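Step one of this worksheet: look at the structure below.
Quick note: the coordinates plus some simple rules give every number you see, no bench work behind them. Because the structure is predicted, anything quoted here is derived from the model rather than measured. Because the Cβ atoms are built from the backbone with ideal geometry, glycine has one as well, and the counts that use them run over all protein chains shown.
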Amino acid sequence: MKKKVLFIINPISGTAAKDQIPEKIEKYLDNSIFDYEIKNTEYAGHATLIAKNAADAGTDIVVAIGGDGTVNEVARSLIHTQTALGIIPSGSGNGLARHLLLPLNIRKSIEIINRCEIHELDYGVINDYPFFCTCGMGFDAFVSQKFAETGKRGAITYIQKVLEEGVRYKPETYEISTEGDTTKYKAFLISCANASQYGNNAYIAPQASMSDGLMDVIIMEPFDVLEAPQIAIDMFSKTLDKSSKIKTFQTKHLHIHRSQPGVIHYDGDPVESGEDIDIHLEEKGIRIIVNPEGDKSLRQPNAIQTAAAELFNEINDIRQGIARHTLRGIALTKLIQKKIERRLPGI
């Protein structure tokens, strides 16, 4: 008997058109194995409803075609079911797909679905919101909110928001409770990672695994503006966990209390939350089609990663020069802005 597959396309995710995807599915999907159907989403949250109906009907695989937001919408309806999640990454960040080493090429990603290797993997929950890649609070949630407000997608927009808002952002104090111990931290951000990266090969938790039954908790301490470029370089070079500004530990559950309500995010989607935040891991709670071999091309820097690394390296040179000449504050901001405008005009 053939497996039933439903492809859910978010036509507005990412920065590329998806008009040719149905044709490629028809051409490259193994029709001797699968019967398939394609549906487009029409509004935010629609993918969740479509996927739930498919899981209730016993569909074998539901494939999310979009970015991490679309993947989250689909995946949350498939947790603790026998329906497997497939991913054809076509968003702006593709954090979960990159962590799983899924190819970003549409034909190759369809070929991974044809191989149909399914693993039972972990997912997390923050205040009743499932997440599959990362969740958090502090600066990354704040930037996620600003990023969503722009209405523009893509890595350049995200980098722009980080640079614009990073200088002004004020760290908060958090009480973190886990396994009976409570500790106070003043933090720039706190991230809980089920997978290793935010997207675009920006690794917030380089050692994170989706099959170890634990979340990686990352606490980024406040840092001087002169230290920011090095932190960015560490994130893109998968060495953030070695930074002196980073504290990490693993746990299945933690509770966080902060002094006032604010924004949290789950897989990059921002939402307002209260002072108390509860986060836990659900072990082996979702079935996902994986790449059994990995795509070697993803082990090499992509164009955005390379450009960002070069940019951050040049900014770091400025930082070192400024440190030698004891320049601070506004001088740094002006020099960085000039460098960005020259290297990435129009962002």
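How far is it, in nm, from the label point at Asp19 to the one at Lys39 when both lie 7 Å from their Cα along the line to the Cβ?
It is 2.5 nm.
Over 19 Å between C-alpha atoms is what I'm after, so list which of Lys170/Lys238; Lys2/Lys284; Lys184/Lys238; Lys18/Lys39; Lys4/Lys284; Lys170/Lys252 land there. Walk me through the intermediate numbers first.
On the way: Lys170/Lys238 26 Å; Lys2/Lys284 26 Å; Lys184/Lys238 27 Å; Lys18/Lys39 13 Å; Lys4/Lys284 23 Å; Lys170/Lys252 29 Å.
In this structure, Lys170/Lys238; Lys2/Lys284; Lys184/Lys238; Lys4/Lys284; Lys170/Lys252 exceed 19 Å between Cα atoms.
When you have a sec, figure out the Kirkwood radius of the range 222-291 from all distinct Cα pair distances and drop it here in Å to one decimal?
Numbers: mean 1/r = 0.0646 Å⁻¹.
Answer for the range 222-291: a Kirkwood hydrodynamic radius of 15.5 Å.
Any idea how far apart Asn127 and Lys247 come out in nm if each label point goes 7 Å out from Cα toward Cβ?
Simple spin-label model gives 2.2 nm for this pair.
Beta carbons within 10 angstrom, averaged per residue: use that to sort the peptides 177-185, 76-84, highest first.
Those peptides, ordered most packed to least, come out 76-84, 177-185.
Out of all DSSP beta bridges with both ends in the range 1-146, state the antiparallel percent to the nearest 5.
Percentage antiparallel, nearest 5: 15.
Return the equivalent ellipsoid semi-axes of the range 1-90 as a descending list in whole Å, where each equals the square root of 5 times an eigenvalue of the C-alpha gyration tensor. Can you show the working numbers first?
Details: eigenvalues 70, 61, 18 Å².
Three semi-axes, in Å: 19, 17, 9.
May I ask you to derive the FRET efficiency for Lys3 and Asp212 from their Cβ-Cβ distance with R0 = 35 Å, giving the value to the nearest 0.05? Don't jump to the answer; show the numbers that get you there.
Details: r = 29 Å, r/R0 = 0.82.
Calculated value: 0.75.
With the cut-off at 1.5 for a/c, could you classify the range 169-256 from its C-alpha gyration tensor as rounded, prolate or oblate?
Details: a/c = 2.34, a/b = 1.13, b/c = 2.07.
Oblate shape, in that a/c is at least 1.5 and b/c is the bigger or equal ratio.
Mind ranking 201-211, 92-102, 114-124, 22-32 by how tightly packed they are, going by the mean number of other C-beta atoms within 10 angstrom, highest first? Spell out each step's value before the answer.
Numbers: 201-211: 21.6, 92-102: 25.1, 114-124: 17.5, 22-32: 13.5.
Going from most to least packed, we get 92-102, 201-211, 114-124, 22-32.
Identify the residues of the range 202-221 with backbone N under 19 Å of a label point that sits 7 angstrom from the Cα of Lys108 along the Cα-to-Cβ direction, or state none.
Within reach of a label on Lys108, which here means backbone N under 19 Å from a point 7 Å along Cα→Cβ, the range 202-221 contributes 202.
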